[in-house]
2 protein chains.
Amino acid sequence: MLQNGIAKSVLTRLPLYLEYLIDLKETEGYSGYISATKIAMDLELGEVQVRKDLSFACGNGKPKLGYDLVALIEKIKDYLGCRQRKNAIIIGVGKLGSALLGYKGFERYGIHIIAGFDLKDKIEENESLVKEFTEKNVLEVFENNLIDIGIICVPKKFAQEVCDILVKMKIKAIWNFAPTRLKVPKNVLVQNENLAYSLSVVSSIINNKNK
Amino acid sequence: MLQNGIAKSVLTRLPLYLEYLIDLKETEGYSGYISATKIAMDLELGEVQVRKDLSFACGNGKPKLGYDLVALIEKIKDYLGCRQRKNAIIIGVGKLGSALLGYKGFERYGIHIIAGFDLKDKIEENESLVKEFTEKNVLEVFENNLIDIGIICVPKKFAQEVCDILVKMKIKAIWNFAPTRLKVPKNVLVQNENLAYSLSVVSSIINNKNK
């Protein structure tokens, strides 16, 4: 689970730090230095973990002062590649796909969803970004743009077929919402997402509390 | 990060095992015993980790055989409390809330979203489960049902206000999609969700690969 020496779990936490630090700066008007102790307390993480996580992105803080807030934000943004524009497309623009297509939160990370595809009769009239899902239409978008990420939001039974087309177009990464394991060549990254997982964690914690 | 002796990270992986095992049984017709080695290979996890994770839910497998597939599925379901019905409500039924409201994947975990709330002029005509968000309407649903989980899908600026109302109704857990840290009493569990985080992980891995 290591990517160039950094654990995926650290990569998963870095956006959490980033959102927190930006919020602190922009909403709460915080400035100057921030200590690992404060970050750990606010985010309910261990202090050792915070120091370790942040060391990947920006080295160590200054003794007794901590991290320069503005510099820390910039370094995490650099580390996460927020300034390198990445284009994504969505296949399957039902309710979830449509929610993702309209979600503004991705742009902070340099990710722009530039097109969606669905079956002709599923496309809503006011969805200007959505085209009919045909290999020709997909190819056209790939020929005119550098597409890094394919987001799969189709039902399980169509997911592998859609995936194969994306692989043929030399996609680098797939963010998969279909509850199925996709078969891809080794150089293609698949990040599986299942909304039920998070909710089931909440549910099982409640459950164990009730015991 | 420990809940009754089990790490949250383990709880997060158990649904992954569960979906995989059910898929194996129902789609691929697999039966009998399954080894930790096969599970680890298919899910791309370490074998030691698989054994450790599963030991929480169902003890150890049989030497040289592994785990009885059907029994393993049942034990994980028990552990995750899939058979204890839990009711949830959604506040904020925009595109994302609407997608969650229609999502069938939660029922496998015993979670039923029984109502949604939104501002009167935001409610679509065909949404029979969605009511106007007023304290009176929310109270009515709480009086007539045992509600365990509140799902917050409103914009950031309304999130704390909505959260306070849910806390007043004695909610046990909140699944929060608003990109803000909610203030709750200690006995209320908050699970924050940010779709941008997962996508930013994909993005940063691509980024580090390109370096």
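The values are calculated or read from the model by the stated rules, or taken from the named source; none is laboratory data. Computed from a predicted structure; not experimentally measured. FYI the Cβ positions are ideal-geometry reconstructions off the backbone, even for glycines, and counts take in every protein chain you see.
Quick look at the values:
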read-out	value
Test: residue in the range B:178-195 that is under 25 Å from A:Glu44 (Cβ atoms), in a helix (DSSP H, G or I) and of a type in the set (A, V, I, L, M, F, W, C)	yes
Single condition A:Gly102 does not satisfy, out of (1) at pLDDT 90 or above; (2) within 30 Å of A:Val130 (Cβ to Cβ)	(1)
Sole residue being buried (at least 20 other Cβ atoms within 10 Å of the Cβ) and away from every other protein chain (no Cβ under 13 Å), chosen from B:Ala71, B:Ala88, B:Ala99, B:Ala115	B:Ala115
Residue under evaluation A:Lys209, criteria (1) within 10 Å of chain B (Cβ to nearest Cβ); (2) crowded, with 16+ Cβ neighbours inside 10 Å; (3) more than 20 Å from the chain's Cα centre (by Cα), criterion not met	(2)
The range B:45-72, residues that are within 19 Å of B:Lys25 (Cα to Cα) and assigned to a loop (DSSP other than H, G, I, E, B)	B:Gly61, B:Leu65
Verdict on A:Asp78 being within 14 Å of another protein chain (Cβ to nearest Cβ), touching a Lys or Arg at 6+ places or on another chain (Cβ under 8 Å) and not hydrophobic (A, V, I, L, M, F, W, C)	no
From B:Val162, B:Val201, B:Val188, residue being among the β-branched types (Val, Ile, Thr), touching a helix residue (DSSP H, G or I) at 6+ places or on another chain (Cβ under 7 Å) and in contact (Cβ under 8 Å) with a residue 12 or more places away in the chain	B:Val188
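Per-residue answers, yes or no, for (1) within 13 Å of chain B (Cβ to nearest Cβ); (2) surrounded by 19 or more Cβ atoms within 10 Å (Cβ to Cβ); (3) of a type in the set (Ser, Thr, Tyr):
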{"residue": "A:Gly32", "(1), (2), (3)": "no, no, no"}
{"residue": "A:Glu44", "(1), (2), (3)": "yes, no, no"}
{"residue": "A:Leu54", "(1), (2), (3)": "no, yes, no"}
{"residue": "A:Gly61", "(1), (2), (3)": "no, yes, no"}
{"residue": "A:Lys64", "(1), (2), (3)": "no, no, no"}
